[in-house]
Amino acid sequence: MRRLSMAVAVVSLVLAACGQPAEVGTSAAPSATVAATASPTPGGTAIVAIWQFPATLAAHYANQTVTTIVNNGVLEGLAATATDGSYYPVLATEVPTLANGGAKVTADGKKLDVTWKLKSGIKWSDGTPLTSADIKYTWEIWMKDPKVNNRTGFSEIESIDLPNETTAVVHYKSIYAPYVGNFFWLMPKNLLEKEADISKTDYIRRPLGTGPFKVSEFKTDESITLEKNPNYRESGKPYLDKVIFKSVPSSQVGLAQLKAGEVHAMWNLTEAQTPEVEKESSLALLVVQGPTVERIEMNTALNQENTDPNSVHPVLGDIEMRKALLYATPKQQIIDKLLFGKAKPGSSPVSQGWAAYKEPQEGYDPKKANDVLDKAGWVKGSDGIRSKNGVRASLTYATTTGDQLRERVQQVLVDEWKAIGVEVKIQNQPSSVLLSGSCTGKDPRKLGTFDLLMYASTPEIDPHGTILPRYHSKQIPTAADCSGQNYTRFKNPEADKAIEEAGSTIDLEKRKAAYAKVMKALNDAYVIIWMYDRANIDARVTGLQGFQGNTWQRFTWNIQDWWLKK
Amino acid sequence: MGRYILRRLLQALPLLFAISIASFAILKATPGGPLAAYEGNPSFTDADRLRLEHAFGLDRPLPVQYLSWLGSFLTGDWGYGFASHQPVLMLIGERLPNTLLLMGTVFVVVLLFAIPIGVTTALKQYSVYDHAVTGATFTFLSTPTFWLGLLLIILFGLQLRWLPLGGVSTPGAPFDVVDRLRHLILPVATISLVQLGSHVRYLRASMLETIGQDYMRTARAKGLAERVVVLRHALKNAAIPLVTVVALDVPELFVGALVTEQIFGWPGMGRLFLDAAFRSDYPVLQGILAVSSTLIVLANLLADVAYGYLDPRIRYS
């Protein structure tokens, strides 16, 4: 499943060759606009509130979002993702593509060679030079260390040649499309190669990078202090002398400290907190549309453990029932009232990037919902709840416990759906169970033990990794093979064909059309209500300048451009 | 006495063994597991899961996992935290000073206030003072710490801006005793007020019982000063229930305060435990549970030994 087909790969190469990297230009480009609008003054210490604390900062072990927030100031890679989904070079001179000859399909048409050239004169923050050997080492350690988070991309590499100090030729075993994303964080060979077990070294908390800052102090659950990297490649940057990431017990306290002026910026606000920020003239929000989509998935098979994919749910097996639930879902009202307008109504699993599908689902119309159910033979009983052939329209509705927003959304929908004669009982579980993604962990989506389940998912930049495992009929998890993620048990031969097509054509437009076909089929089957496309929301005091949004990266991605107004 | 203590210590060994098995079993029975944190990542594959399960030793049979943990634990190797990849002993070592500072201060503050208040309310039973104290103690006793803590934060941190909102010190600033103390006030007040409520109630009740005893009248008949009667004869006997309660506070010096540390962002043992619990970080949890259960057993023993000193009628056999 991980291994994308050759065609998918080539298309991405074409995509990468389409010129986006050139548009983004050199590494200085993303910040150029900032420099143009205001003249930054160097110096000062910015304090950023974080309400989670990184367990480790080591590049290859990290699996928390907050680690990325901190490491954005410390670690760098060969390239990174711009807000439009294209790539721009960071430590490399350019992003290798088919067009510029950096990426080449081998003569037999089965493999891929990618040549990366490093910018000259770059040093690690300890002063040792960055060389192409570090690229190779990064791959080696990722493959060797048994405790790495995941090996996506690295496991597709066959070997790496180092023709000189600044050039690395990466030989992929197959035509691996998302090769640019492979080296987002580099690891230092000289420092680490003699270590038998990196998890026992200082690197865990003070990773060595080439970024604008280096870690000068790591006080567990208290604060992480970053100090200017004197060897940073861009002269005059970073503007700030220091950045302190300060642990706060919750985002409410973080917001309180922001208002009190104790911190300059804070990570991750809920939509409900935004009005509080907006009414303070000394504060500003950064709202960036992210790729995350909140959805309600409907189980079309029987709600029982290791459900038979071909069984039919007594209530949700009826497409008219699923339609009615969608018609009785006031998305816009929920967004306006509960999310304070800081989200957009959802329409598909892929809301951002080149394959985004934005054809909206039918809007809120409770009368239509009632009509549909009346016509389908669901008759209201004395208690106002419908039934058909002795089956009562009664469903369970699960989401993660302790999430205020989701709980409020549930309350709204339970009332709305009751009004059309469908009884819905809330049955929430901790996210560690509900979204464990494992059959042994009793994930109800894997087992099929749910009726309605609300959660969010974030697709990768290339949509194949989302569309294939989630909507192909062969990806329905079963007792025998639990790996698939087709949780609604959606089966459509046309969609299957389109998914396979998308994986076997080199034409970008065809590929996009095939995905659109799948997402249309999905919406025509009414198995998922796309609630809303969520935004990433961060906040700052207005005195902290240089903040810029990026759909695919976290808000500290351009921390070298931040500066404090005196 | 020495033989009694030795016997109790030997009895404690199978008990601690049973506790460690039970806590291990409960941890393993909790759904989710240490790899749940990785699942949100779309790049995390089944192969990654198997590899990490093997790296963390989670693919071995449960009895083997338990015995290998026990073996290394007893020889001083407490293993590595799954999430942080750091030695458990080091993780505990980082948090313990903060927790000792917080809970030690609470311990002292509570005793300083509980004893005089408990004694005086009993002596002035049904007075206005007694009613006021009873009302206050019941109020604090029945106040959840998470609510009281937030209330204090809102009042003194947000409204009045007198005290910091959380943490142990101002980040980036050099060490400063005043700064430390300012950070200490609210969390100490939160825990102390609740504990004070219970301790005062215990002491008041047992003082009232003791005051009515025959030997009190005898002591007074002998012409002893009222101060001696109250402190030597009444308080010493009345303190027995309090000693049990206080002895059970001792393990808290190590364990910390789960809720309060969370609310105030106090980087102590309680937060370490809670974070580890959310992540199913077994080595960290088992290390903390083993130490805290040992401390509870020892604290009980300490309380029993103290009874003998306080009340000569108690004999050990």
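The values are calculated or read from the model by the stated rules, or taken from the named source; none is laboratory data. The structure displayed is predicted, hence computed values, not measured ones. Cβ coordinates were reconstructed from backbone atoms using ideal geometry, including for glycine residues, and neighbour counts include every protein chain displayed. Just the protein is used for accessible areas: all its heavy atoms, side chains included, with ligands, DNA and RNA removed. Shrake-Rupley method; radii C 1.70, N 1.55, O 1.52, S 1.80 Å.
With the whole protein complex present, B:Leu248 retains an accessible surface near 80 Å², based on a 1.4 Å probe. Residue farthest toward the positive end of the dipole of chain A, with Cβ of Lys/Arg at +1 and Asp/Glu at -1: which of A:Tyr172, A:Ser438, A:Trp552? Selected residue: A:Ser438. Magnitude of the charge dipole for chain A, about its Cα centre and with charges confined to Cβ atoms of Lys, Arg (+1) and Asp, Glu (-1), is about 200 debye.
Taking 7 Å steps out from each Cα toward its Cβ at A:Thr478 and A:Ala260 produces label points 5.9 nm apart. Between the beta carbons of B:Leu231 and B:His131, assuming R0 = 22 Å, the FRET efficiency works out to 0.35 to the nearest 0.05.
Carbon-plus-sulfur accessible fraction, chain A (probe radius 1.4 Å, protein heavy atoms only): 50%. The average projected area of the stretch B:205-276, computed from the convex hull of its Cα atoms over all directions, is 6.4 nm².
Max-minus-min Cα coordinates of the protein assembly as shown on each principal axis give 109, 78, 60 Å, with the largest extent listed first. Straight-line cross-link partners of A:Lys104 among the lysines, defined as a Cα under 16 Å from its Cα and at least 8 positions apart when in the same chain: A:Lys117, A:Lys173.
Taking a label point 7 Å from the Cα of A:Lys337 along the Cα→Cβ vector, which residues of the stretch A:414-435 have an amide N closer than 19 Å to it? Zone members listed by number: A:414-426. Think of each Lys and Arg Cβ as +1 and each Asp and Glu Cβ as -1; about the Cα centre, that makes the dipole of chain B roughly 1320 debye.
Residues in the stretch B:1-131 average 53 Å² of solvent-accessible surface per residue, probe 1.4 Å, ligands and nucleic acids excluded.
Interface between chains A and B: roughly 3400 Å² of accessible area buried, both sides summed (probe 1.4 Å, protein heavy atoms only). Which of A:Asn150, A:Val66, A:Ala535 sits farthest toward the positive end of the charge dipole of chain A, with +1 on the Cβ of Lys and Arg and -1 on the Cβ of Asp and Glu? Value computed over the given set: A:Ala535. Consider a paramagnetic label point 7 Å from the Cα of A:Ser216 along Cα→Cβ; state which residues of the stretch B:158-193 have an amide N under 15 Å from it. Taking a point 7 Å out along Cα→Cβ of A:Ser216, the residues of the stretch B:158-193 whose backbone N falls under 15 Å are B:171-175. Its Cα gyration tensor gives chain B an equivalent ellipsoid; the semi-axes, largest first and in whole Å, are 43, 28, 15. Which Cα, out of A:Ser235, A:Ser223, A:Thr274, lies furthest along the positive dipole direction of the stretch A:194-298 (beta carbon charges, K/R +1, D/E -1)? Result: A:Ser235.
At a 1.4 Å probe, which residues in the stretch B:279-314 are at least 30 Å² less accessible with all protein chains present than in their chain isolated? SASA drop of 30 Å² or more in the stretch B:279-314: B:Arg279.
Can you tell me the accessible area per residue over chain A, all protein chains present, probe 1.4 angstrom, in square angstrom?
Here the residues of chain A average 37 Å² of exposed surface.
Rounded to the nearest 20 debye, the dipole magnitude of the stretch A:39-115 is 140 debye, with +1 charges on Lys and Arg beta carbons, -1 on Asp and Glu beta carbons, and the Cα centre as origin.
For chymotrypsin sites (Phe, Trp or Tyr not before Pro), the sites in the stretch B:151-248 that DSSP calls loop and that have at most 11 other Cβ atoms within 10 Å are B:Trp162, B:Phe175.
With heavy atoms of protein chains only and a 1.4 Å probe, what residues of the stretch B:67-107 have at least 30 Å² less accessible area in the full set of chains than alone? Buried-area filter returns B:Tyr80, B:Ser84, B:His85, B:Gln86, B:Glu94, B:Arg95. Can you bin every Cα-Cα distance in the stretch B:162-254 into 10 Å intervals starting at zero and give me the percent of pairs per bin, rounded to whole numbers? Using 10 Å bins, I get a P(r) of 14, 29, 22, 18, 12, 5, 1 for the stretch B:162-254.
In the stretch B:158-186, burial by the other protein chains removes 50 Å² or more of accessible area from B:Leu165, B:Pro171, compared with the chain on its own (1.4 Å probe, ligands and nucleic acids ignored).
Using 0.36 nm per residue, how much length does the chain from A:Ser39 to A:Ile426 gain when fully extended, once their Cα-Cα distance is taken away? All intermediate terms of the calculation are to be shown ahead of the outcome.
Details: separation 387, 0.36 × 387 = 139.32 nm, distance 5.36 nm.
Taking 0.36 nm per residue and subtracting the Cα distance, the gain is 134.0 nm.
Return the FRET efficiency for the residue pair B:Tyr38, B:Trp147: r is the Cβ-Cβ distance, R0 is 22 Å, and the value is rounded to the nearest 0.05. Plugging the Cβ-Cβ distance into 1/(1 + (r/R0)^6) gives 0.05.
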